[in-house]
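J.: Next up is a structure, given as structure tokens.
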Amino acid sequence: MTESLRRSGEYPQGDQQQSAYSGQPYEQSHEQPYTSSVDPEWPPPPAHQPTEQGGAPTGAPTTLLTEPVSPAAAPVPAAASRRRAKGPLALLAAVAIAAAAVGGGTAYAFQELTGNDTAASSSTSTSTGVVATSKKGTVAGVAEAVSPSIVEISATSNAGSSTGSGVVITTGGEIITNNHVISGASQIKVQLSNGKSYTATTVGTDSKKDLALIKLEDAPSGLTPATLGDSDAVKVGDEVVAIGSPEGLTGTVTSGIVSALDRDVTVSTDESQGQQQQQQGGGGSGQWPFEFGGQEFNGDTGSSKTTYKALQTDASLNPGNSGGALIDMNGNIVGINSAMYSAADASSSTAGSVGLGFAIPVNTVKADLDSLRSGGSDS
């Protein structure tokens, strides 16, 4: 009887390559259950060295097969299959993660390097990395990232002076604010977050939406435009941050939540109405009068008025916050603060914010920008 495996480590050569067990070439016979007394976990090696794909073994009468030819070939164990698949799957997962990271980083870099005199905007409120990764979801992170884009506006008119806020939306010095902040102004001064002041001119106004666009004269380089988000993605209960200049306190930061959506807020379109309130300080504590639910707040709105859909927030808003930003926790602008309720008698026990503030949705702002740049609907 001929042994198929010699204990000396030698193997049959030439015509003796056929197995003594099956009478078939070794490449076929080794796929059958191995019955030798030798440890089955260590099957005999091939009769000669395998060659690269497409090549043939040199000096061997039998051709090595790359696929099993016997229908009775033993299936590959599942564990082995999983071990083989693990490497490629892990590689694919790593490539996918890397691609996502590069994509996000590229988008952020593109946003930082472009936007010459154009508004920085995003399709959704969560698509941009405005806030530093280590501070995401924090009021401090939002304030640090967005405060450089918020300005204080001082408007002077024949009726007196008023103070409000604005949001820088382009590197060229375009600033969005409320119409009632600058309406009828003969002079507009803007103070940046770094304390420097510049003169601004009115580009366009839209009293029906209570929006205005102004632009800095001789705008400095290095302005930080805010990122305009997506107010349609905002939900009741979302955390928000408000930044503005209440009572002239530049860069004041408050926080809260979105209390309601699509509130019908009615405001005056008569510029003299608002100027009179601001000058006299009347029952409205110098705030722009508005109506909600059939009731008047902060004074008489007059006969000329308009209604728009607003976001309601309980973030503290006070006189001077008008025109400032309502911001989501990713650092995207979701609204322009426009109206806030103040108690009529403004006594020490009731003065200040009572958690009823309203903001013009940023999607309304974005839809109105082209018109404002052309002079607005009031031109």
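The values are calculated or read from the model by the stated rules, or taken from the named source; none is laboratory data. All figures in this text were calculated on a predicted structure; none of them were measured in a lab. Cβ sites come from the backbone with ideal geometry, for glycine too, and all protein chains shown count toward neighbours. Calculation scope for accessible area: heavy atoms of the full protein, side chains included, ligands and nucleic acids excluded. Shrake-Rupley method; radii C 1.70, N 1.55, O 1.52, S 1.80 Å.
J.: With the requirement that a residue be under 34 Å from the mean Cα position of the chain (by Cα) and modelled with pLDDT of 65 or more, what does segment 270-288 give you? Outline the logic, then answer.
T.: Within segment 270-288, the subset under 34 Å from the mean Cα position of the chain (by Cα) is 287-288.
Passing the criteria: only TRP288.
J.: Another question about this same structure. Evaluate the following for LEU249: is it open to solvent by 30 Å² or more (accessible area, probe 1.4 Å) and out of contact with any helix residue (DSSP H, G or I) (no Cβ under 9 Å at 6 or more places or on another chain)? It would help to see each step written out before you state the result.
T.: Numbers: open to solvent by 30 Å² or more (accessible area, probe 1.4 Å): yes; out of contact with any helix residue (DSSP H, G or I) (no Cβ under 9 Å at 6 or more places or on another chain): yes.
Taking the combined requirement at face value, the residue satisfies it.
J.: Inspect all residues belonging to segment 205-214 and state whether any of them is open to solvent by 40 Å² or more (accessible area, probe 1.4 Å) and over 22 Å from the mean Cα position of the chain (by Cα).
T.: yes
J.: Taking only pairs six or more apart or across chains, which ones have beta-carbon atoms under 6 Å, a first residue in segment 307-336 that is closer than 19 Å to VAL181 by Cβ and at pLDDT 95 or above, and a second residue that is surrounded by fewer than 22 Cβ atoms within 10 Å (Cβ to Cβ) and of a type in the set (Lys, Arg)?
T.: ALA310/ARG263
J.: Which residues, taken from segment 337-376, are out of contact with any strand residue (DSSP E or B) (no Cβ under 8 Å at 6 or more places or on another chain) and either modelled with pLDDT of 95 or more or of a type in the set (Gly, Ala, Ser) (or both)?
T.: If the condition is that a residue be out of contact with any strand residue (DSSP E or B) (no Cβ under 8 Å at 6 or more places or on another chain) and either modelled with pLDDT of 95 or more or of a type in the set (Gly, Ala, Ser) (or both), then ALA343, ALA344, ALA346, SER347, SER348, SER349, ALA351, GLY352, ASN363, ALA367, ASP370 are the ones that fit.
Residue by residue, here is whether (1) in a loop (DSSP other than H, G, I, E, B); (2) at pLDDT 95 or above; (3) open to solvent by 40 Å² or more (accessible area, probe 1.4 Å); (4) farther than 27 Å from THR307 by Cβ holds:
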| position | (1), (2), (3), (4) |
| --- | --- |
| VAL146 | no, yes, no, yes |
| ILE153 | no, yes, no, no |
| SER162 | no, no, no, no |
| ILE176 | no, yes, no, no |
| LYS189 | no, yes, yes, yes |
| THR199 | no, yes, yes, yes |
